[in-house]
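Enquirer: Starting off with a structure, shown below.
The values are calculated or read from the model by the stated rules, or taken from the named source; none is laboratory data. Just so you know, these numbers come straight off a predicted model, no measurement behind them. Ideal geometry is used to build each Cβ from the backbone, glycine not excepted, and the neighbour counts take in all protein chains shown. Just so you know, the surface numbers come from the protein's heavy atoms only, side chains and all, with ligands and any DNA or RNA stripped out. Shrake-Rupley method; radii C 1.70, N 1.55, O 1.52, S 1.80 Å.
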Amino acid sequence: MAYYYQLRSLLLLISVSLVSDHLHCIPMAAIATAVCFSSFLLSLFLLFGLRQIHVASADASTAANPFTVRAALIRYWNRKVPTNRPQPAFILDKLSPLSALDSATYSSLAASDPAALSSRLSDLCAAARLLCNPEDTITNTYSDAARKDDSSAFGSYQNSNFSDYGSGAKGGSNGFSHYSDGLNVPVDSFRRYSRGSIGHNDSFASYAEEGNVVTANFTSYASSSTGGASGFDSYDHEANVPDLKFSNYDADANARKRSFSSYSDAANAGDQSFTGYGKRGAYVPTSFKGYATDTNVIGSSFNGYGESASGANDSFASYGFNGNVPVNNFQSYGDGGKSGSESFTSYRDQSNTGDDSFSSYAKGGNAASAEFTNYGNSFNPGTDSFKGYAEGSGKHKVTFKGYASDNTTFKAYARSGIDFKTYRNSSVNPPSGAPTDAPLLSLHSGKPANRWLVEPGKFFRERELRRGSVLPMPDIRDKMPARSFLPRSISGRIPFSVADVRRIFGIREDTALGKAVGETVAECERAPSRGETKRCATSAEDVIDFAVSVLGSDVVVRSTASTAGSKGDILIGKVSGVNGGKVTQSVSCHQSLFPYLVYYCHSVPKVRVYEAEILAVDSKEKINHGVAICHLDTSAWSPSHGAFVALGSKPGLIEVCHWIFEGDMTWTVAD
């Protein structure tokens, strides 16, 4: 009976596919229609002749099976691009590996009720090579006795739930070394870890290094504990889209030391939240050293951090150093605290812009001190907001020593106990309420500007792309998780909304993937920029449709062949310009983070596209075939764009070139 329903689903897909393939038969003469119908019957006959082939062998016969996803897209390409252009191998390689039978089954299910796909989610994700959230699949496999083991050393673990692990432990230590390294979607939970412990130590070394879409939950970690220490060393190094939650971490703890060293360094586009961190704690020192160094668009929020704590001692040294647009929000930080001390040394130094807000910072505290030393030496001025800073506090001391900013947002802050020593503000007037003798020095005080260091080779000038040039090649690796296109018969029936996608694919809102889904949908729904034509393609057919709609039916898609040469010097060999090197229009498509492949495609006018041999510098042997695009009109780009930081110019004054990274593609009219 099960086989009957699967076969019926397959027949449905066949009929849809054949009707689509032979749709041109409808307006033809009767005899032609008869020929088409005969073709349809012949196809069914061949299918039933093959019904003895076992389902498990479907993938092995993909090349000969006209009903596979691959075969259907080849027919679609030949109709949309009827100029005998080569089939786009780049796209064909990203198609779902679903068998013809599975494709028919899930297409039928999506047609009847897309939400019903969630009932078959595990099978669908495995068969179609999708990115599904393992949050609900991780289980706590440890017995009560094992959870209180004092001498555990955890190496090379992944996707585990350590809730209540070490609760009530006395003495001993747990070490997590090389935990969840290099995984696509590591999801780890440390809820209530070491809660109520006494003199217990925890260390996380090289945790989730080079992970992709990292979700970690440290809710109520070590709450009500006494003594001991926790250390996070090289945590989330080079991670992509980390999402880390420290809610009520060390709440009500007593004299428990915490350190975050090289935390999230070189990470990309993620968030850390510290909510109620150290709340009502007593004499709990916390050190953030090298936190978020060399990161790209990392956000950190400290809400209710150290609230009503006694004797807190927090230091932020080299926090956000050399980052790109770091965003930090300190809300109700240290409220009601007693005898607390916070220091920000070389905070956000040499970063590109950035945004920090300190709302109700140390409000209502007693005998608190905060020192901002060498704060905000950014390449491009960022924004800082201090609202209600130290307001209502008693016997406090706040020092801004060597603070470099254009900040005039000191609103409702305490009017005494604050020293703006060598506060370097280039505004005409001092901050509201600032001492009248506060020096007004230039932003850079006569020193050369600190620069956010863009990765070497990420942007270059058109004249550098010539035979014999030695150039640095940036990291062009595709850092997105491996996924496939769903057939349009499935993806086209899944509502493109945050709520529906999360529900169908079982993605929790408070995970890194859950947030990424929301950001992708928002970007797709954003109005196009001036002169831009855009579309989010949820299937391979959508990508082809958009490229053809912009460029016409005679198109070619290109991408850099491999990642060879990445992160090193390369020698440029033969260079050829697409369409003879003439100024042209292209369509560029970039991956978005979603459970299945979704590409953000947009028209790019006034460009030149090049293909170049990439050679090894020493042996001069060819190691790669690169595709580069040069944007000739940069007048609408932001002045703080990394291209101008790297190349030293302004919008509209220079052209900017870059390689097409692995996983991305550019379309042009065929030569």
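Enquirer: Spin-label point model (7 Å from Cα, Cβ direction): what's the ALA561 to GLN87 distance in nm?
Expert: 2.1 nm
Enquirer: Any idea what the relative contact order of the range 257-303 is, in percent, if you count C-alpha pairs under 8 Å spaced at least 6 apart?
Expert: 58 percent
Enquirer: Under the Karplus relation 6.51 cos²θ - 1.76 cosθ + 1.60, θ = phi - 60°, what is the ordered set of whole-Hz ³J(HN,Hα) values for the range 102-112, x standing for Gly and Pro?
Expert: For the range 102-112, the Karplus curve yields 5, 4, 5, 4, 6, 5, 5, 5, 5, 5, 7 Hz.
Enquirer: Leaving out ligands, DNA and RNA, and with a 1.4 Å probe, what % of the accessible surface on the range 212-262 is carbon or sulfur?
Expert: Carbon and sulfur: 43 percent of the exposed surface of the range 212-262.
Enquirer: Related question: Accessible area per residue, 1.4 Å probe, Å², for the range 471-603: what's the number? Please report the intermediate quantities before stating the final value.
Expert: Details: 4880 Å² over 133 residues.
Result: 37 Å² of accessible area for each residue.
Enquirer: Ok, one more. Would you kindly calculate the mean projected area, averaged across all directions, of the convex hull enclosing the Cα atoms of the range 554-671, in square nanometres?
Expert: 8.6 nm²
Enquirer: Relative contact order (percent) for the range 556-646, with alpha-carbon contacts under 8 angstrom and 6 or more residues of separation?
Expert: 31 percent
Enquirer: Where does the charge balance sit around SER559 when Lys and Arg score +1, Asp and Glu -1, over other residues with C-beta under 14 Å from its C-beta?
Expert: Overall, the nearby charge balance is -2.
Enquirer: Please go through the range 513-542 and write out the trypsin sites (Lys or Arg not before Pro) that DSSP classes as loop and that have at most 13 other C-beta atoms within 10 Å. Display every interim value, and only then the final one.
Expert: Details: sites: LYS515, ARG526, ARG530, LYS534, ARG535; in loops: ARG526, ARG530.
In loop regions of the range 513-542 (DSSP not H, G, I, E or B), the sparsely surrounded trypsin sites (Lys or Arg not before Pro) are ARG526, ARG530.
Enquirer: Counting only protein heavy atoms and using a 1.4 Å probe, what share of the accessible area of the range 498-569 belongs to carbon plus sulfur, as a whole percent?
Expert: Working: 1390 of 3010 Å².
Of all accessible area on the range 498-569, carbon and sulfur atoms account for 46 percent.
Enquirer: Let me ask another. With a Förster radius of 22 Å, plug the Cβ-Cβ distance of ARG508 and SER112 into 1/(1 + (r/R0)^6) and report the FRET value to the nearest 0.05. All intermediate terms of the calculation are to be shown ahead of the outcome.
Expert: Details: r = 26 Å, r/R0 = 1.19.
The computed FRET efficiency comes out at 0.25.
Enquirer: Provide the FRET efficiency to the nearest 0.05 for the VAL669-ALA636 pair, computing r from the beta carbons and using R0 = 30 Å.
Expert: 0.80
Enquirer: So, one more: How big, in percent, is the set of alpha carbon pairs in the range 494-606 lying more than 20 Å apart?
Expert: Values: 3475 of 6328 pairs.
The calculated P(r) of the range 494-606 puts 55 percent of pairs beyond 20 Å.
Enquirer: Under 25 Å Cα-Cα from LYS458, which lysines qualify once same-chain neighbours fewer than 8 residues away are excluded?
Expert: LYS479, LYS534, LYS567, LYS574, LYS582, LYS606, LYS620, LYS622, LYS650
Enquirer: Per 0.36 nm of contour for each residue apart, how much would the distance between ALA499 and GLU621 grow if the chain were fully extended, relative to their Cα-Cα spacing?
Expert: The ALA499-GLU621 span can extend by a further 38.8 nm.
Enquirer: With r as the distance between the Cβ atoms of GLU464 and ALA527 and R0 = 41 Å, compute the FRET efficiency 1/(1 + (r/R0)^6) and round to 0.05.
Expert: 0.70
Enquirer: For LYS387, go through the lysines and keep the ones whose alpha-carbon is under 22 Å away, minus same-chain ones fewer than eight residues off.
Expert: LYS279, LYS338, LYS363, LYS395, LYS397, LYS401, LYS411, LYS421
Enquirer: While we're here: Around SER369, which amide H atoms from residues at least 5 apart in sequence, or from another chain, sit under 5 Å from its own amide H, with H modelled in the peptide plane?
Expert: GLY340, SER341, GLU342, LYS397
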